[in-house]
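To keep things clear, I will list the structure first and then write my remarks on it.
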Amino acid sequence: MNDTQNDTTDPAQGHNWRLQWPLSTGKCVASADFKHGTDDFQVSEVLDKASIQGENGSGNAGEHLCLRLQKTGDNTEYVARELAAMADFRPFDVSFCGLKDRHAVTWQWFSLYRPGQNDSDADFIARVSEYWPVIDSCRSASKLRRGDHSGNGFRIILRNVDGDRAAIDQALERLAESGAPNYFGPQRFGHNGANLDHALLLNPRSLNRPAKGRSKGRGRGGRSSQDSKNVLYFSAARSWLFNEVLAARVNNGSWCQPMAGEPDEQRVTGPLWGDGGTRATGEQEQLERSAVAANPQLAALFASTRMQPERRPLQLVPQNLNWEWQDSTTLAIEFTLGAGQYATTLLADVFALQDLALSRLTE
């Protein structure tokens, strides 16, 4: 597939979007089956209970009831809707820090707006426990917001691993030290890039209009369901352009090294495109604008918005990466990633992964 996408096909017919990007070493060293069962993919949200309660939190103060749930085979938004129905209030009165995979065992915090209902918390928790184990609970003065957690801890079992064991161990040692290119995962773009097709049909000016209160059909934060979809499509476009810039840096070997014009003194970063494009200057600005200019239809979305350019690290470096061979073809891997980073992106730099959960869905 070509490195750039200049397709002018009618977006209703779909583009041939690139959804795989170059690896740090050019190729995988092994193949493996992924998500053989929900127990093979475990995610534990990293969020300190004390930070939820606040400096003066006693565990019983605040208008929001926060629950840490263990869920298996349920996605985050489904659980949030069910909690809202159980509490008999609006879906946007349930909040969480981030979306977790459905095909997994996950431990995650949710907050529910229940002012003045402290005395009935125990009964409500008991009811929730009939559906999901409640691991912990507390009261908070504020709701959980996206990105409040510091990251996620993963325990992943890879099965039918096919490759040289010594080469795999060496590749994992490299991951622990220097990480992998910090691509957004392909799930962000929808099936065959459908979210990007929808993005080409957006009116960017509509995203600048503030929500006018909450009404029927409006979701979290007062947005309508269509507004929320538009934000999803817009975010997909922004993420795809970041991946294209990162791919250019991987191809020229500079993804781990700062270039002249890097705006972040502490990290090597790439652009989350916005009005005005990028905050990079000099040589780095030229590279970023060149990569984005190859996709003028997506780039045009940002010219009419008030979204400010942001930055995202180019390196995805795990914390506390450990692994253990359970037998000659089964590998258990544990690590922690920051919020908004993808475990599949990290592992795909070493393994050609066969996602069995997706295979089951298409059978």
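If you take the charge dipole of the chain about its Cα centre, with +1 on Lys and Arg Cβ and -1 on Asp and Glu Cβ, which of Thr305, Ser290, Trp21 is farthest toward its positive end?
Among Thr305, Ser290, Trp21, the one farthest towards the positive end of the dipole of the chain is Thr305.
Output the pairs from Lys49/Lys71; Lys27/Lys229; Lys35/Lys143 with a Cα-Cα distance over 27 Å in this structure; if there are none, say none.
Values: Lys49/Lys71 19 Å; Lys27/Lys229 35 Å; Lys35/Lys143 32 Å.
Over 27 Å apart, Cα to Cα: Lys27/Lys229; Lys35/Lys143.
Between Glu265 and Asn16, what length comes free when the chain is fully extended (0.36 nm per residue of separation minus the Cα-Cα distance, one decimal in nm)? Present the calculation step by step, with values, prior to reporting the outcome.
On the way: separation 249, 0.36 × 249 = 89.64 nm, distance 3.64 nm.
Length gained, Glu265 through Asn16: 86.0 nm.
Summing Lys, Arg as +1 and Asp, Glu as -1, what charge do residues with Cβ under 11 Å from the Cβ of Gly274 carry, Gly274 excluded?
On the way: positive: Arg238, Arg279, Arg306, Arg311; negative: Asp275, Glu310.
Local charge sum for Gly274: +2.
Can you send over the carbon and sulfur percentage of the accessible area for the chain, probe radius 1.4 Å, protein chains only? Kindly include the intermediate steps, with their values, before the conclusion.
Values: 7980 of 17870 Å².
Summing carbon and sulfur atoms, their accessible area is 45 percent of the total for the chain.
What percentages, rounded to whole numbers, describe P(r) for the range 228-268 computed over all alpha carbon pairs with 5 Å bin width beginning at zero?
Each 5 Å bin holds this share of Cα pairs: 6, 21, 19, 20, 15, 10, 8, 2.
Along its three principal axes, how long is the range 95-170 when you only count alpha carbons? Whole Å, largest extent first please.
Cα extents, longest axis first: 60, 27, 17 Å.
Treat each spin label as a single point 7 Å out from the Cα along the C-beta direction, and report the Asp327 to Ser254 distance in nm.
Result: 4.9 nm between the two label points.
Spin-label point model (7 Å from Cα, Cβ direction): what's the Glu82 to Ala166 distance in nm?
Result: 4.9 nm between the two label points.
Have a look at the DSSP beta bridges in the chain and tell me what percent are antiparallel, nearest 5. Please report the intermediate quantities before stating the final value.
Details: 49 of 57 bridges.
In the chain, DSSP labels about 85 percent of beta bridges as antiparallel.
What's the local net charge at Thr329, with K and R +1, D and E -1, over the other residues with C-beta under 14 Å away?
Values: positive: Arg159, Arg165; negative: Asp33, Asp40, Asp162, Asp164, Glu324, Asp327.
That sum, taken over residues with Cβ under 14 Å, equals -4.
Using a simple charge model, +1 on the beta-carbon of Lys and Arg, -1 on the beta-carbon of Asp and Glu, nothing else, what dipole does the chain show about its Cα centre, in debye to the nearest 20?
On the way: 39 positive and 44 negative charges, 302 e Å.
Around 1460 debye, computed over the chain.
Mind giving me the FRET efficiency for Thr281 and Arg145? R0 is 35 Å, r the Cβ-Cβ distance, nearest 0.05 is fine. Kindly include the intermediate steps, with their values, before the conclusion.
On the way: r = 32 Å, r/R0 = 0.92.
After rounding to 0.05, the efficiency reads 0.60.
Can you tell me the alpha carbon radius of gyration of the chain divided by the globular rule-of-thumb value 2.2 N^0.38 Å? If you can, show how the numbers build up before the last one.
Values: Rg = 21.7 Å, N = 363, 2.2 N^0.38 = 20.7 Å.
Dividing the Cα Rg of the chain by 2.2 N^0.38 Å gives 1.05.
Evaluate E = 1/(1 + (r/R0)^6) for Ser129 and Leu232, where r is the Cβ-Cβ distance and R0 equals 30 Å; express this FRET efficiency to the nearest 0.05. Working shown, then result.
Values: r = 32 Å, r/R0 = 1.07.
Here the calculated transfer efficiency is 0.40.
Would you work out which of Val43, Ala352, Leu158 lies farthest towards the positive end of the dipole of the chain, given +1 charges on the beta-carbon of Lys and Arg and -1 on that of Asp and Glu, about the Cα centre?
Farthest towards the positive end: Val43.
What does the charge count near Arg114 come to, summing +1 for each Lys or Arg and -1 for each Asp or Glu among other residues with Cβ under 15 Å from its Cβ?
Details: positive: Arg90, Arg127, Arg139, Lys143; negative: Glu63, Asp88, Asp93, Asp119, Asp121, Asp123.
Neighbour charge sum, excluding Arg114 itself: -2.
The values are calculated or read from the model by the stated rules, or taken from the named source; none is laboratory data. Worth saying up front: this structure is predicted, and the values here are computed from it rather than measured. Quick reminder, even Gly has a Cβ in these numbers, built from the backbone with ideal geometry, and neighbours come from all protein chains shown. The area values use the complete protein model at the heavy-atom level, side chains included, leaving out ligands, DNA and RNA. Shrake-Rupley method; radii C 1.70, N 1.55, O 1.52, S 1.80 Å.
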